[in-house]
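The structure appears below as structure tokens.
Taken together, the values in this text are just the output of simple stated rules run on the coordinates, not laboratory data. A quick note: this is a predicted structure, and the numbers were derived from the prediction, not measured. When we count neighbours, we look across all protein chains shown, and the Cβ atoms used for this are built from the backbone with ideal geometry, even at glycine.
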Amino acid sequence: MIGASGPRSAHPGEPASGQAGPEWGRPGAYEVAAGIFRIPLPLPMDGLRAVNVYAVVSQRGLVLIDGGWAVAEAETQLRAALDLIGFGLEHISDFFVTHAHRDHYTLAAQLRRSWNTRISIGAGERASMDRLAVRTEYADPSSVPILIRAGAGRLADALREAETPFDRSVWSLPDAWLEDGEILRLDDRRTLTVVHTPGHTRGHVVFVDGEHGVVFAGDHVLPHITPSVGYEEVPPPSPLAGYLTSLALLRQLPDARLLPAHGPVAPSVHQRVDELLDHHARRLELTLRPLAHSALTGYEVARALRWTRRERAFGDLDPFNQALATLETVAHLEVLAERGRVTPHDDASGVRRYQA
């Protein structure tokens with residue numbers, strides 16, 4: 001199935017790579033490979049500015065990789081972008097979602113009500129999705145106990161406020177659970193291979209189009225930033241350990257162009273994976289340094305570190321991003337504990353400190 005006027009080129013003045021330099025979040029539809037269009041959609045309350053969904057033209061209609069955030073502006077921009085390439089929302093047959101975060105899942109769930117579009121997500125997200133589908137309006141986010149154990153009770157309160165009230169209506173369960181290694185045949189010209197890449201979330205998957213040399217990487221590999229780990233509804237015991245393992249797994253696959261969920265298209269998955277592995281190796285060493293003279297909580301270690309590419313002080317972050325920074329620090333400390341470089345001790349109140 002194709003659009004009423006057939007697929008056509010969008011924004012003919014855009015670079016062939018589909019990158020728009022610093023303006024990668026500008027609304028539109030950008031052809032990044034044969035039959036694949038990058039569509040940035042807006043994000044409310046988020047410093048990332050936009051999320052890329054990818055429209056893949058197939059003989060049975062449109063397949064979208066990720067769905068966007070369920071806000072009116074995102075739906076409006078998606079309609080306009082699809083119109084640029086000769087399609088409408090009614091032509092979407094499937095959403096293949098990389099992971100269970102609201103900027104990737106919730107607009108897909110909202111559109112399914114009107115268009116009966118199928119949604120598929122990695123089987124590893126089942127625990128989180130089951131909880132999201134029944135979570136009550138004012139239930140605590142599951143990261144709250146981790147923050148409390150890290151000695152960051154104030155940030156736990158900030159996280160509660162950031163997610164209250166919770167809208168369960170956009171978290172209805174998917175139509176299908178995707179298994180690692182599963183082959184998705186879009187038509188006789190294109191298949192996608194599902195690769196389980198835990199870390200950012202426990203059930204995150206990427207979609208590999210080996211024939212056309214691209215990887216739909218979701219938030220697993222991003223060109224300019226390092227994704228958070230462990231911020232999810234049911235976090236695993238050691239999300240960073242899973243992330244490092246799945247980065248190494250992706251490095252073993254043939255190199256391909258990187259189609260990320262945030263940021264411009266990049267030429268090499270391998271190059272960015274190498275950079276991310278180097279970053280976390282350095283970050284583990286930096287996380288260890290504050291423990292040289294005393295045992296500290298995860299929150300205390302996070303306060304001693306610098307954050308973002310701009311090397312910002314912890315105190316310069318807003319409370320929500322301070323919470324994410326603390327969760328990431330805990331993830332690094334747990335890997336250091338697994339490697340025998342620090343020893344965790346819980347006090348009578350349940351707060352955990354780490355001793356080098």
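What to note about this one:
- Going from the residue with the fewest nearby Cβ atoms within 10 Å to the one with the most, ILE119, ILE65 rank ILE119, ILE65.
- The chain - percent relative contact order, Cα under 8 Å, separation 6 or more: 14
- Share antiparallel - DSSP beta bridges, the chain, percent rounded to 5: 70
- Charge context of ASP347, other residues only, Cβ under 12 angstrom, K/R +1, D/E -1: +2
- Once both labels are positioned 7 Å from their Cα atoms along Cα-to-Cβ, the gap between LEU317 and ARG251 label points is 2.5 nm.
- When HIS332, HIS196, HIS220 are sorted by how many other C-beta atoms sit within 10 angstrom of their C-beta, beginning with the fewest, the order is HIS196, HIS332, HIS220.
- Scattering profile of the chain at q = 0.11, 0.13, 0.15 Å⁻¹ [log10 I(q)/I(0), Debye over alpha-carbon scatterers]: -0.73, -1.01, -1.31
- The chymotrypsin sites (Phe, Trp or Tyr not before Pro) of segment 72-141 that meet both conditions, a loop assignment by DSSP and at most 14 other Cβ atoms within 10 Å of the site Cβ, are TYR138.
- Each Lys or Arg adds one and each Asp or Glu subtracts one; over the other residues with Cβ under 10 Å from the Cβ of ALA150, this totals +2.
- Exposure proxy order (Cβ contacts within 10 Å, fewest to most) of TYR30, TYR54: TYR54, TYR30
- Other residues with beta-carbon under 15 Å from the beta-carbon of ASN116 carry, at +1 per Lys or Arg and -1 per Asp or Glu, a net charge of +1.
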